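Asker: So that we are looking at the same thing, I have put the structure below in structure tokens.
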Amino acid sequence: MFDHLSPRELLDAAAGAVRARRLAEVADLEVIAAWAAVHSGESNRVRNPLVDVGGEGTPRVQDHALGEIALARSSGVVATINALADVLDLQHRLPLTWAVVRQGSAEVYVARKVARMSRHLPRAVVGVVDSAVARMIATEAPGRVLTVAEGKVIEADPALHEERVEEEKRRRYVGLGRTDEYGLRTLIARLDAGDAAWVQATVTRVAEILTPGHPDATADEVRAIALGYLARPAELLALLVEHETAETADPAQAGPVTDDEPLAPSRATALPADVLDKLHRTDLTKLRPKAVLYVHLHEATLLGTKGVARAEELGPRTLGALHQLLATTQVTVKPVIDLADAVRTTAYEHPEAIKERVHLTTGGDYWPYATSTSRNADYDHPTPFDHDPERSPEAQQPAQTGTHNSGLLQRRHHRWKTHAGYQARQRAPGHYVWLTPNGLGFTIDPTGTHPCSEMEARLHLAFAARPPLEQSDA
């Protein structure tokens, strides 16, 4: 396509492609802003309240409208709400910056970051940030723009910044990223600077001990191994106790210890010698944490066929890696759950036996494009539970709750399904169909979310499997 272009023409094409991408991103934001404008009027305040999405001075949006636009964009709800908040802030609070961005002269993501950085500011003072950023966003590197924006946010309201410093201290956390295909995971923590320094010092000390045993490992690799010991206090104490002797002075060269002299602490543990002696004689395995690990694997894998085991929260692993993970743990094996069993009950509530099977079958939230795999969700009846068996043929079946009519939904998705006009049915275990209020259709199966026509969705809804006539104990 570009083979016939000269070097200068290729440069012009590159610049044009960047501008076209920026304008496409602007158009995406403007579409969702227009959707919000259509759904910013008064509605049912109880079931469909107006909610604040952007900062002070931006229009409120009907809660039920947020889900359908996310589905139209093949996007998660949270990602779409974040994009909507950013564009509303840019349009109503940072108009000078937005004018530059709409021309394709600046990166959209930089403007969105500025919108998020300044969202907490009152509308009366946010103009300080807008003026400064608008002057430089098209001509300076993104890093410089964000540095200036950060300073202007503080300058706009210093007292508010001090309040936020105190608030942010209550937002400390430890988080985990997704497990990658190599069985590795990113650990992120936000904590007091002093505590962070002590963690750093402990990791450094443990890395010093471990380095001789890992001659081919990089310094970063050894430090990562050392950090893992913090998760296993029994092993950490055992390691430090084992190496404390080499770190203390030779007892033969030291004078007798009197009652007036404190016991010398070990450099490795900073614990007195009498405490260390007790640790030597203590069963530290009692300090090991307890956890439940769910492992999914095909029966053929256990019979010797090459396969992969999937551990919840850890991702796919080879059997060798799974053995290594469990090598130093005390394992209690629970009965294997046969997902082919159809479990159902006449009760409205989902018993644990059904919850377990539903989560193992669906893998998480069955809302289209949902990303959550958490068990901490609502257990929903895709075909709504009818408490009056005289009212509908479905309700006359002996079991409305079961693996044939269950799915996990996060609370927001559950509320929308119940009150916002969405229709859903379960076609089979792990297979669902959705129809949105404005006719967008989706089918869900173990391979993901698949858009479909409104007619196809309605056919699926009409012929979705009804609860089986047989009933077994849950």
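Asker: Confirm whether E42 is closer than 25 Å to G57 by Cβ, outside any helix (DSSP H, G or I) and either open to solvent by 50 Å² or more (accessible area, probe 1.4 Å) or of a type in the set (A, V, I, L, M, F, W, C) (or both).
Answerer: yes
Asker: In the stretch 110-126, which residues are open to solvent by 10 Å² or more (accessible area, probe 1.4 Å) and without any contact (Cβ under 8 Å) to a residue 40 or more places away in the chain?
Answerer: Listed by number, the residues that qualify are R112, K113, R116, M117, A124, V125.
Asker: Go through the stretch 204-233 and count every residue that is among the β-branched types (V, I, T) and farther than 23 Å from L326 by Cα.
Answerer: Residues flagged as among the β-branched types (V, I, T) and farther than 23 Å from L326 by Cα within the stretch 204-233 amount to 4.
Asker: If you go through the stretch 1-22, how many residues are in contact with a helix residue (DSSP H, G or I) (Cβ under 8 Å, 6 or more places away or on another chain) and either open to solvent by 60 Å² or more (accessible area, probe 1.4 Å) or in a helix (DSSP H, G or I) (or both)?
Answerer: 2
Asker: Take the conditions in a loop (DSSP other than H, G, I, E, B), open to solvent by less than 20 Å² (accessible area, probe 1.4 Å) and modelled with pLDDT under 85 and apply them to A395. Does it pass?
Answerer: Against the criterion (in a loop (DSSP other than H, G, I, E, B), open to solvent by less than 20 Å² (accessible area, probe 1.4 Å) and modelled with pLDDT under 85), A395 does not qualify.
Asker: Also: If you check V100 against the conditions, is it within 30 Å of A420 (Cα to Cα), surrounded by fewer than 21 Cβ atoms within 10 Å (Cβ to Cβ) and among the hydrophobic types (A, V, I, L, M, F, W, C)?
Answerer: no
Asker: A follow-up question, please. Could you tell me which of the residues A226, A219, A246 is at pLDDT below 85 and either out of contact with any Leu (no Cβ under 7 Å at 6 or more places or on another chain) or at negative phi (or both)?
Answerer: Just a single option satisfies the conditions, and that option is A246.
Asker: Being on the phi < 0 side of the Ramachandran plot and part of a loop (DSSP other than H, G, I, E, B) is the filter here; which residues of the stretch 68-90 pass it?
Answerer: R73, S75, G76
Asker: Does S105 satisfy being among the small types (G, A, S) and more than 28 Å from the chain's Cα centre (by Cα)?
Answerer: Taking the combined requirement at face value, the residue satisfies it.
Asker: Here's a follow-up. Let me spell it out: the conditions are (1) out of contact with any strand residue (DSSP E or B) (no Cβ under 7 Å at 6 or more places or on another chain); (2) over 22 Å from T80 (Cα atoms), and A420 meets all of them except one. Which number is the exception?
Answerer: Every listed condition holds for A420 apart from (2).
Asker: If a residue must be under 20 Å from L66 (Cα atoms) and among the acidic types (D, E), how many such residues does the stretch 425-453 contain?
Answerer: Total satisfying the criteria: 0.
Asker: For the stretch 406-421, what are the residues that are more than 14 Å from I444 (Cβ to Cβ) and open to solvent by 10 Å² or more (accessible area, probe 1.4 Å)?
Answerer: Selection gives Q410, R411, R412, H414, R415, T418, H419, A420, G421.
Asker: Here's another thing I want to ask about it. Mind checking which residues of the stretch 96-120 are assigned to a loop (DSSP other than H, G, I, E, B) and out of contact with any Gly (no Cβ under 6 Å at 6 or more places or on another chain)?
Answerer: Q103, G104, S105, A106, E107, S118, H120 - these are the residues of the stretch 96-120 that are assigned to a loop (DSSP other than H, G, I, E, B) and out of contact with any Gly (no Cβ under 6 Å at 6 or more places or on another chain).
Asker: Sticking with this one: Taking only the stretch 376-391 into account, find how many residues are farther than 19 Å from T443 by Cβ, modelled with pLDDT of 80 or more and out of contact with any Phe, Trp or Tyr (no Cβ under 9 Å at 6 or more places or on another chain).
Answerer: Summing the residues that are farther than 19 Å from T443 by Cβ, modelled with pLDDT of 80 or more and out of contact with any Phe, Trp or Tyr (no Cβ under 9 Å at 6 or more places or on another chain) in the stretch 376-391 gives 5.
Asker: Working only within the stretch 65-97, note down all residues that are touching a residue at least 60 places away in the same chain (Cβ under 8 Å), open to solvent by less than 10 Å² (accessible area, probe 1.4 Å) and touching a Pro at 6+ places or on another chain (Cβ under 8 Å).
Answerer: Correct list: L71 only.
Asker: Could you give me the residue pairs with C-beta distances under 6 Å whose first residue belongs to the stretch 361-377 and is on the phi < 0 side of the Ramachandran plot and in contact (Cβ under 8 Å) with a residue 60 or more places away in the chain, whose second residue is part of a loop (DSSP other than H, G, I, E, B) and open to solvent by 50 Å² or more (accessible area, probe 1.4 Å) wherever it lies, and which are 6+ apart or on separate chains?
Answerer: T361/L339; T361/P429
Table: residues versus (1) acidic (D, E); (2) at pLDDT below 95; (3) out of contact with any helix residue (DSSP H, G or I) (no Cβ under 8 Å at 6 or more places or on another chain).
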site: A24; (1), (2), (3): no, no, yes
site: L29; (1), (2), (3): no, no, no
site: N48; (1), (2), (3): no, yes, no
site: Q62; (1), (2), (3): no, yes, yes
site: A65; (1), (2), (3): no, yes, no
site: I81; (1), (2), (3): no, no, no
site: V87; (1), (2), (3): no, no, no
site: H92; (1), (2), (3): no, no, yes
site: L96; (1), (2), (3): no, no, no
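The values are calculated or read from the model by the stated rules, or taken from the named source; none is laboratory data. Treat the numbers as computed from the prediction; the structure is a model and nothing was measured. Quick reminder, even Gly has a Cβ in these numbers, built from the backbone with ideal geometry, and neighbours come from all protein chains shown. Calculation scope for accessible area: heavy atoms of the full protein, side chains included, ligands and nucleic acids excluded. Shrake-Rupley method; radii C 1.70, N 1.55, O 1.52, S 1.80 Å.
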